[in-house]
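Written out below as structure tokens is the structure these notes cover.
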Amino acid sequence: MRFPSASAAVAVVMCLVPSVSRGQTSATDDQMRRDIEALKEGQKAIQKDLEEIKRLLQGLQGRAAADALPKEPLSIAQEPTKGDRNARVALIEFSDYQCPFCGKYAKEIMPQLQDEYVKTGKVKYVFQDMPLDFHKNAFKAAEAAHCAGDQGKFWEMHDLLFQNQTALDPEQLPAHAKSLGLSESAFSQCLESGKFAAQIRQDIAQAGTVGITGTPTFFIGLVQPGDGRVKVMKKLVGAKPYAEFKSAFDSLLTTP
């Protein structure tokens, strides 16, 4: 048997080396590509988690701001009120005549609150305007209520507007005044002059200052002796059930 020479054997080995190296390099490249893709996917997952954490934190901050109470007592001297002027507890409503949830509250919840707490002298009711920008008829409707108030019928117009939320076009407001027996000429002059526009804008500005972002929003608090301002103790947002108002009222009414 004849064996190959040493030089021939070396040549064979040398011929095999490049092919092995190419195979190893190809396998290494494939692994690197897989590793890079895995890293990219991991980064995407981390980014997604970070975005979710950010969203949750923003939500918590938003809820904290929404739940925050005014630090300073609120003045209600210029606002329409009903009930016993000496009542210890006050309910302040920020509302919009075109807001459907405000209408639901006015028709379904407010009457019972009035019977149980306002008419009995336990709670003073305060109304403040917050017509929202996207409710095109809300601002003029708020003016209409105050113009009716000029003739001693603010609350009558307030109730009528909420009962007729689909009839709040400025052209329809004089008909509401007529139905209440108001002087139509005086009402129209008041409405056209924008007599109460500045007062309504002050309410809107105050709503922003105390962190109100939607309607209806309610502040419930204790009336301070002397200056009559209201120290807010509770905040409710939306057309909450009667039971939530009752709980807040009863808690404050038993406060020494």
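The values are calculated or read from the model by the stated rules, or taken from the named source; none is laboratory data. No experiment lies behind these values; they were computed from the predicted model shown. Backbone-built Cβ (ideal geometry, glycine too); neighbour counts: all protein chains shown.
Some notes on this structure:
- Unmet criterion (only one of (1) crowded, with 17+ Cβ neighbours inside 10 Å; (2) within 17 Å of Gln189 (Cβ to Cβ); (3) free of Cβ contacts under 8 Å to residues at least 40 places away in the same chain) for Lys140: (3)
- Residues satisfying the stated conditions in the stretch 109-153, i.e. of a type in the set (Gly, Ala, Ser) and under 19 Å from Asn164 (Cα atoms): Ala138, Ala141, Ala142, Ala144, Ala145, Ala148, Gly149
- From the options Lys54, Lys40, Lys104, residue that is over 21 Å from Phe245 (Cα atoms), at pLDDT 85 or above, in a helix (DSSP H, G or I) and not hydrophobic (A, V, I, L, M, F, W, C): Lys40
- Filter result for Leu160 (closer than 24 Å to Gly211 by Cβ, at pLDDT 95 or above and not aromatic (Phe, Trp, Tyr)): no
- Identity of the residue in the stretch 107-137, assigned to a helix (DSSP H, G or I) and without any contact (Cβ under 8 Å) to a residue 40 or more places away in the chain, that ends up farthest from the chain's Cα centre (by Cα): Asp115
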